[in-house]
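Structure first, commentary second.
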Amino acid sequence: MRYGEKEIDEFDIDREENFWPNEIEKDYTINIELPEFMCRCPRSGYPDFATIEISYIPDRKVIELKALKLYINSFMNRYISHENAANEIYDTLYERLSPRWMRLRADFNPRGNVHTVIEIDSSKV
């Protein structure tokens, strides 16, 4: 196993060092784009690719960006639907960050003439 594979395989989103204190009191928005998301179709095993966009207004914590990268990369060998992947990422980050507001957009590359975009917004949930 190569060092990157080992780091992804052993990654645990719940480690305290993955989150930093937010030292800013005013509202501001953090926008993150992750253009290389990959998971596998639970039925066929074919790879599914997406761009994940996360926007949030932090409260007391922010996520360390390398931790977010490793978390997103941990999906690459998982057999999971578009809907379940997007909702799991949203729920995991929302639960651990407790932001003032958060939105996730998962824009999956077309496959078989179908283009899927999943959006979850804490102000609408």
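What follows is calculated from the coordinates using simple rules that are stated; it is not laboratory data. Everything numeric here is computed off the predicted structure, so don't read it as measured data. So basically every Cβ, Gly included, is an ideal-geometry build from the backbone, and we count neighbours across all protein chains shown.
For the options 65, 34, 93, a Gaussian network treatment of the chain with springs between C-alpha atoms closer than 10 Å singles out 65 as fluctuating the most.
For region 90-115 versus region 4-38, the spacing of their alpha-carbon centroids is 14 Å.
Taking a sphere under 14 Å around the Cβ of residue 16 and counting the other residues whose Cβ falls inside, with K and R at +1 and D and E at -1, yields a net charge of 0.
Largest mean-square fluctuation among 60, 103, 111, in a Gaussian network model of the chain whose springs join Cα atoms under 10 Å apart, belongs to 111. Ignoring lysines fewer than eight residues from residue 6 along the same chain, the ones with Cα atoms less than 25 angstrom from its Cα are 66, 69.
Of the GluC sites (Glu not before Pro) found in region 21-125, those that fall in a DSSP loop while having at most 15 other beta-carbon atoms within 10 Å are 23, 25, 64. Between helix 82-97 and the chain there is an angle of about 20 degrees, using the helix long axis and the longest principal axis of the Cα atoms. Under a 10 Å cutoff between Cα atoms, tell me which one of 78, 96, 15 has the largest fluctuation in the Gaussian network model of the chain. Evaluated over the chain, the most mobile residue of the options is 15. Charge dipole of region 2-125 (Cα centre as origin; +1 on each Lys and Arg Cβ, -1 on each Asp and Glu Cβ, all else neutral): 320 debye, rounded to the nearest 20.
The alpha carbon centroids of region 65-82 and region 43-61 are separated by 8 Å. Under 20 Å of direct C-alpha separation, and excluding same-chain neighbours fewer than eight residues apart, residue 124 reaches these aspartates and glutamates: 27, 53, 59, 83, 88, 91, 95, 107. Under the criterion of Cα pairs below 8 Å and six or more residues apart, the relative contact order for the chain equals 27 percent.
A helix-only calculation puts the chain at -7500 deg cm²/dmol for mean residue ellipticity at 222 nm, using -39500 (n - 2.57) for each DSSP H run of at least four residues, averaged over all residues.
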